[in-house]
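The values are calculated or read from the model by the stated rules, or taken from the named source; none is laboratory data. Just so we're clear, the structure is a prediction, and the values are computed from it rather than from any experiment. FYI the Cβ positions are ideal-geometry reconstructions off the backbone, even for glycines, and counts take in every protein chain you see. Surface accessibility is based on the protein's heavy atoms, side chains included, excluding ligands, DNA and RNA. Shrake-Rupley method; radii C 1.70, N 1.55, O 1.52, S 1.80 Å.
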Amino acid sequence: MTKPVRIAPSILSADFARLGEEVRAIEAAGADWVHIDVMDGHFVPNISMGPVVVKALRPVTTLPFDVHLMISPVDAYLDAFAEAGADTITVHPEAGPHIHRSLQHIKSLGKRAGVVLNPGTPAKMLDYLMDLADLILVMSVNPGFGGQSFIPSQLRKIEAIRTMIDKSGRDIDLEVDGGIDPETAKAAIAAGADALVAGTATFKGGPDHYAANIRALRGG
Ligand code: DX5
Ligand code: ZN
């Protein structure tokens, strides 16, 4: 069963010099989650932010923090992000030797466990994780940068995972990340997504536009 779509602005596209105000502004504009992209310059060719930023932002908002880890090896940092105030911690299977153990560990920390698939990673990877995952994130761009174009082949993967989730009978969020704009949002929702990450499309035009930008992603 599909839930109302949740919008998760990626603060990678925010003004980093005013990050707290930016988070307050997206909350006021109707965002559901705050998507935090963590990059290490090793797993992906870009460096962004770490647990200190998550911790600094925690008192600024009551919105859930949707923390997307693009770091490897990832396991040594799970505790730090949990302590910093993450609500969902999402990991790539390629970022550590034992994805099942990583998800178990996130859950043992009392957090929601997410697994994220790169565009080249098949849905089949999820077969033995469906009883553990609280969120599945489908990358519709290769991770590392905001502002890239949506890769249409991922729609088929979203459809396949929607079927897997419905069959599992579990309450698992199906989120899509990369190149989301009002048009691709519509396609992703039609394929079965119920949460959308949007960096460029949320933050374009500055704070006066955030509410309209988020509304447009929900379908107007
Ligand atoms: C890419 C990140 C995305 C990115 C999305 O590695 O995971 O969250 O910031 O940016 P847009 O919405 O601009 O494609
Ligand atoms: Zn992301």
- Query: Within segment 1-24, which residues are small (Gly, Ala, Ser), more than 15 Å from ligand 1 (Cβ to nearest atom) and either open to solvent by 50 Å² or more (accessible area, probe 1.4 Å) or in a loop (DSSP other than H, G, I, E, B) (or both)?
  - Reply: ALA17
- Working only within segment 41-65, note down all residues that are among the hydrophobic types (A, V, I, L, M, F, W, C) and in contact (Cβ under 8 Å) with a residue 12 or more places away in the chain. PHE43, VAL44, MET49, VAL52, VAL53, VAL54, ALA56, LEU57, VAL60, LEU63, PHE65
- Six or more apart or on different chains, Cβ under 8 Å: which pairs go from a residue in segment 25-40 that's open to solvent by 30 Å² or more (accessible area, probe 1.4 Å) and among the aliphatic types (A, V, I, L, M) to one that's within 16 Å of ligand 1 (Cβ to nearest atom) and in a helix (DSSP H, G or I)? Could you list them? ALA28/TYR210
- Restricting attention to segment 161-180, which residues are assigned to a loop (DSSP other than H, G, I, E, B) and buried (at least 17 other Cβ atoms within 10 Å of the Cβ)? ILE172, GLY178, GLY179, ILE180
- Message: Scan segment 184-202 and tell me whether some residue there is surrounded by 14 or more Cβ atoms within 10 Å (Cβ to Cβ), more than 16 Å from ligand 2 (Cβ to nearest atom) and in a loop (DSSP other than H, G, I, E, B).
- Response: yes
- Message: Based on this model, can you work out whether GLY146 counts as within 16 Å of ligand 2 (Cβ to nearest atom), closer than 23 Å to MET39 by Cβ, in contact with a Phe, Trp or Tyr (Cβ under 6 Å, 6 or more places away or on another chain) and among the small types (Gly, Ala, Ser)?
- Response: no
